[in-house]
Each structure stands twice: as C-alpha cells, then as structure tokens.
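The values are calculated or read from the model by the stated rules, or taken from the named source; none is laboratory data. Remember, predicted model here, so these are calculated numbers, not experimental data. Please note: Cβ atoms are built from the backbone with ideal geometry, for glycine as well, and neighbour counts cover all protein chains shown.
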Amino acid sequence: MKLTTCVINFIKDKIRVRIFRGFDGMPGGVMDHFDEFLKWNDGKSDDPRYMAVAFIFWAKLDLFEDANEAKVPAVKHEHGLGEYAIDVPPVQASVDYEYDLIRRGRIFIVNAYRLVGRKRVLCDSRHYQ
C-alpha cells in the first residue's frame, strides 16, 4: 500500500520552513487539518519557524492526550511517530502533494497543489482571517 505523501511550506515574508508528512497527504485530510490547526493556533506566533513545529506538535497531541486519559504510555501512530520531518530539501519525485500556508498581513492563505512531474497544479485554496 502506497502512502500519500506531502510537503507543507510555512511562509511569511521571506521566511519559508518546509516539513514533510509521510502519510495522509491528500487535500481532503490536510486542508481539514489546517482548518483545525489554525483555530488551535489562533493568537499564537505566526512565525513560520514556530508554526511548523507547532503544527507537528498539534498533529501529535491527540496521541498523548489519549494516552494520558487512559493512563498508559503513548503508543505510536499506525505509521509511527516519525512520519514528519522538518526543514526538508525541495520537493522530490516521491512526494504527491505540496501545500503553501502563507501569512499575508492578518490573513492566512492555504494553497494545495497536486505534483505532476515538476509542475504544481492548484487543486484547492482557502483563506482565513
């Protein structure tokens, strides 16, 4: 079974931080995660370096909250705890989708692209205030 992979770019001004997500990279899942993450992150730093780390933390939070409630050690996600990597090189052939989370003034713009060879084909775009 092939996992759908993606790269997420957190961008503000000239700062860009790129993370790799090694599972569930389809727009239906990732764009919904951005909806939830941006609500959770509201009022916190919008610096891309902080947001990239906060996104990974937020994505893992359920694992630890569930374990804490059950009073058991945190178990690995079905794809392991290492399915994220930070500061990865530019997109490679094995990546299926790419996302840009752009901070422009008071607005976040999230663009989803399907990668076809070396081309980025826009498949979804959302704006948040």
#### Entry: Scan of the range 1-12 for residues that are in contact with a helix residue (DSSP H, G or I) (Cβ under 9 Å, 6 or more places away or on another chain) and not in a strand (DSSP E or B), ordered by number
Thr4
### Query
Of the residues that sit in the range 1-52 and are buried (at least 17 other Cβ atoms within 10 Å of the Cβ) and β-branched (Val, Ile, Thr), which one is nearest to Ile107 (Cα to Cα)?
Ile11
### Summary
Filtering the range 25-50 down to residues that are in a loop (DSSP other than H, G, I, E, B) and free of Cβ contacts under 8 Å to residues at least 24 places away in the same chain yields Asn41, Asp42, Gly43, Lys44, Ser45
### Message
Scan the range 59-73 and tell me whether some residue there is at pLDDT below 90, assigned to a strand (DSSP E or B) and under 10 Å from the mean Cα position of the chain (by Cα).
### Response
no
### Some residue of the range 92-100 being more than 14 Å from Thr4 (Cβ to Cβ), modelled with pLDDT of 85 or more, in a strand (DSSP E or B) and out of contact with any Ser or Thr (no Cβ under 7 Å at 6 or more places or on another chain)
yes
